[in-house]
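S.K.: What follows is a single structure, and I will ask about it in a moment.
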Ligand SMILES: [Zn+2]
């Protein structure tokens, strides 16, 4: 189930999608009316099952308003994390 977006994040999503207004018709029904549904997170899959504690990939779900076809966009491309990544520490030279 997708999580609904905050109003600010919804605006970010709409602005991102509007960068490509005519280049993205639905591949199924060829219309270009899309609804932003919300965020979903995909978990890592290791070939045998979902790996708990693995990488999580948040994606924005966008659904064709005509036929229901679902598209996913990498959310971190639309809204990069606000905190910079932890700096790399150590050089492995001690000890
Ligand atoms: Zn469609």
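S.K.: Need one number: convex hull volume per residue for the stretch 7-78, Cα atoms only, in Å³.
M.R.: That works out to 113 Å³ per residue.
S.K.: Using 1/(1 + (r/R0)^6) with R0 = 22 angstrom and r between the beta carbons of residue 32 and residue 70, what's the FRET efficiency to the nearest 0.05?
M.R.: After rounding, the FRET efficiency stands at 0.90.
S.K.: Quick one: 43, 82, 6, fewest Cβ neighbours within 10 Å first, how do they rank?
M.R.: In order of increasing Cβ crowding within 10 Å: 82, 6, 43.
S.K.: To continue, here is another question. Give me P(r) over the stretch 32-72, computed from all C-alpha to C-alpha distances, binned every 10 Å, as integer percentages.
M.R.: 30, 34, 26, 10
Taken together, the values in this text are just the output of simple stated rules run on the coordinates, not laboratory data. Just so it is clear, the model here is predicted, and its values are computed rather than measured. Please note: Cβ atoms are built from the backbone with ideal geometry, for glycine as well, and neighbour counts cover all protein chains shown.
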